[in-house]
Structures are given as structure tokens and as C-alpha cells.
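What follows is a short report on a single structure.
The values are calculated or read from the model by the stated rules, or taken from the named source; none is laboratory data. Here the structure is a predicted model, which means the values were calculated and not measured. Glycine gets a Cβ as well: all are built from the backbone with ideal geometry, and neighbour counts include every protein chain shown.
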Amino acid sequence: MDKKNTGLIATIASALLCGCPGLLLCIFGALAATGTLPYNTELNGITQTGTVPPAVGAVLLCLALLFILIPVVVGFVTLRKKPQAALPIDEPLPPAS
């Protein structure tokens, strides 16, 4: 397998494993940041309800952006066209003055 195929497989895998969860995390982060994400808990018969604090939503949004950025960086690093090395010249170097 050549390097281009390996890079393509790495990009697709990172998009599935990091990009898709990042998009879902972005949705939950946006809901939490606006204060519309409710929660219900019950412990020993005591029930509490409320909304997730907006600070948690901001953290989720930042984490989501990092998850979305991973496939972009992997794709750039693995699929970019690397500069080719200069061809060696068989001529002798001129003497230094």
C-alpha cells in the first residue's frame, strides 16, 4: 500500500472516530451554552431537576472544535504534496576564492 492510500485511510478513520463525535458534542455544547439542556437526577428517592450551566456548554464547544480539528490536521499532514528533493548535479563545484 502506498503512502497516499495510507493517508486516505487515516483521514477517513479520524473523521469517523473524531469528526462525527465532535459534531454531536458541538450540538450538546450549543444546547448547554444557551441554557436549554435539562437534566433530571434521582438519588435515594430525592429527585432534582435543572439545566446544565452555560460554562459546561462553553467547555463542550471548545472540546468539540478540537475533535473536529483532528481530521483536518490528519488530512493535511498525510495528503499534502511534499516538496521533492533537488536532483543531484554531477558537475564539480567551482573552487572557492
Checklist outcome for this item: Note on the range 42-76: residues out of contact with any Cys (no Cβ under 9 Å at 6 or more places or on another chain) and either in contact (Cβ under 8 Å) with a residue 60 or more places away in the chain or over 30 Å from GLY19 (Cα atoms) (or both) are GLU42, LEU43, ASN44, GLY45, ILE46, THR47, GLN48, THR49, GLY75
Checklist entry - Would the range 28-49 turn up any residue that is surrounded by 11 or more Cβ atoms within 10 Å (Cβ to Cβ), touching a helix residue (DSSP H, G or I) at 6+ places or on another chain (Cβ under 8 Å) and at positive phi? => result yes
Checklist outcome for this item: Of the candidates THR11, THR49, THR36, THR41, the one satisfying the condition of being modelled with pLDDT under 95, hydroxyl-bearing (Ser, Thr, Tyr) and in a helix (DSSP H, G or I) is THR11
Next on the checklist: I'm trying to understand the selection: among the residues of the range 6-27, which are touching a residue at least 24 places away in the same chain (Cβ under 8 Å) and surrounded by 13 or more Cβ atoms within 10 Å (Cβ to Cβ)?
Outcome noted: GLY7, LEU8, ALA10, THR11, SER14, ALA15, CYS18, GLY19, PRO21, GLY22, LEU25, CYS26
Next on the checklist: Suppose we keep only residues that are assigned to a loop (DSSP other than H, G, I, E, B) and modelled with pLDDT of 80 or more within the range 77-95. Which one would you say is nearest to LEU17 (Cα to Cα)?
Outcome noted: ARG80
Checklist outcome for this item: Note on the range 52-64: residues surrounded by fewer than 13 Cβ atoms within 10 Å (Cβ to Cβ) and part of a loop (DSSP other than H, G, I, E, B) are none
